[in-house]
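Just dropping this structure here.
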Amino acid sequence: MVDAVTTTEATTRLNTSRTSLVSNFETFLSLLTAQLKNQDPLSPLDSNEFTAQLTQMTGVEQQLLTNDLLTSLLAAQQSGGMTGATAYIGKDATAAWTATRLEDGEANWSYELAASASSVELQVLDSTGKVVWTGPAPERTEGTHDFVWDGKTTAGGQLADGGVYTLKIVAKNGTANVDSQVLTRGRVTGVELYDGQPYLTIGSSIVPLSAVIGVEEATTSTAETTPDTPEDEGLMASIASALNPLKLLS
């Protein structure tokens, strides 16, 4: 199996490789210079061998230039990822992500059921993986539903703000499992970079861009307009009559 390599890891490997190449290159130059200085005048260095050594030196130089170019490309890719992620700011996003922060005594998640279930249990886990709260889900029908946890443990104790918690869902229809997933939904308000990867701030969650499964334009509420009352209509008619140019000329 091939493991994914982050931009930071790739840059570190390139820098390590470059340091090794520079050291080898300097050693090679030192040895070649010493060989030229101490060669036997009666039996000088063979020209073919000297040419081969120069070719090797040129190869090392090209490898150093290649590493520098790859480092520049990785830096440009990282910058481009950050720039692309900023396009999500202000939009409503949905991510397959389970972790969020408890703030103002609340933590918000959504969960999706592939089919209606006879029983749906929700579990809230702390950062150590310990279950701190267990209870029935507010909805068991097919579709996406919201869940707000009040920060209280199953025993009733109130947990402090600032902790990061994850939501786990167990949905069943009789003895059969029902496919489900935990979602994070909300307005994207910021972008951050961790280990070369862009993360979006959605509500109280920091979500990797790779976990986003849906984006749409933010919905704005329009102010309701109240119909004109008879008094308003009469006032407007009086103003229009007073400003009638025909009456001004009469």
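The values are calculated or read from the model by the stated rules, or taken from the named source; none is laboratory data. Not measured: the values here are computed from a predicted model. Don't worry about glycine lacking a Cβ; one is built from the backbone with ideal geometry, like all the others, and counts go over all protein chains shown. Note: accessible area is taken over every heavy atom of the protein model, side chains too, but ligands, DNA and RNA are not part of it. Shrake-Rupley method; radii C 1.70, N 1.55, O 1.52, S 1.80 Å.
Restrict the check to region 103-114 and report whether at least one residue is part of a strand (DSSP E or B), touching a Ser or Thr at 6+ places or on another chain (Cβ under 7 Å) and of a type in the set (D, E).
yes
Inspect all residues belonging to region 112-131 and state whether any of them is in contact with a His (Cβ under 9 Å, 6 or more places away or on another chain), of a type outside the set (V, I, T) and over 25 Å from A155 (Cβ atoms).
Yes, that holds for at least one residue.
Residues are listed down the side, and each one gets a yes or a no for (1) at pLDDT 95 or above; (2) within 21 Å of G105 (Cα to Cα); (3) exposed (fewer than 12 other Cβ atoms within 10 Å of the Cβ); (4) in contact with a Lys or Arg (Cβ under 6 Å, 6 or more places away or on another chain):
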position	(1), (2), (3), (4)
V170	yes, no, no, no
Q197	no, no, no, no
A211	no, no, no, no
E216	no, no, yes, no
T220	no, no, yes, no
E224	no, no, yes, no
D232	no, no, yes, no
S238	no, no, yes, no
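If you don't mind, there's one more thing I want to ask. Identify the single condition in (1) open to solvent by less than 50 Å² (accessible area, probe 1.4 Å); (2) under 22 Å from the mean Cα position of the chain (by Cα); (3) aromatic (F, W, Y) that W149 does not satisfy, given that it satisfies every other one.
Failing condition for W149: (2).
Now a separate question. I'd like to check something: does region 108-115 contain any residue that is in contact (Cβ under 8 Å) with a residue 40 or more places away in the chain and farther than 24 Å from E216 by Cα? Walk me through it before giving the result.
First, the residues of region 108-115 that are in contact (Cβ under 8 Å) with a residue 40 or more places away in the chain: 108-115.
Then keep just the ones that are farther than 24 Å from E216 by Cα; that gives 115.
Yes, some residue in region 108-115 is in contact (Cβ under 8 Å) with a residue 40 or more places away in the chain and farther than 24 Å from E216 by Cα.
Shifting gears a bit: Would you please list the contacts, defined by Cβ atoms under 9 Å and residues six or more apart or on different chains, that run from a residue in region 154-165 that is in contact (Cβ under 8 Å) with a residue 12 or more places away in the chain to a residue that is surrounded by fewer than 10 Cβ atoms within 10 Å (Cβ to Cβ)?
So the pair list comes out as D161/D104.
Of the conditions (1) modelled with pLDDT under 75; (2) open to solvent by 100 Å² or more (accessible area, probe 1.4 Å), T175 satisfies every one except a single condition; which number is it?
Condition (1) is where T175 drops out.
Which one of these does R101 not meet: (1) within 26 Å of I213 (Cβ to Cβ); (2) open to solvent by less than 70 Å² (accessible area, probe 1.4 Å); (3) in contact (Cβ under 8 Å) with a residue 60 or more places away in the chain?
(2)
Ok, one more. What number goes with the only condition from (1) of a type outside the set (D, E); (2) surrounded by fewer than 17 Cβ atoms within 10 Å (Cβ to Cβ); (3) without any contact (Cβ under 8 Å) to a residue 24 or more places away in the chain that W133 does not pass?
(2)
Given the conditions (1) touching a residue at least 12 places away in the same chain (Cβ under 8 Å); (2) within 25 Å of the chain's Cα centre (by Cα), report the number of the one that T128 does not fulfil.
In the conditions (1) touching a residue at least 12 places away in the same chain (Cβ under 8 Å); (2) within 25 Å of the chain's Cα centre (by Cα), T128 misses (1) alone.
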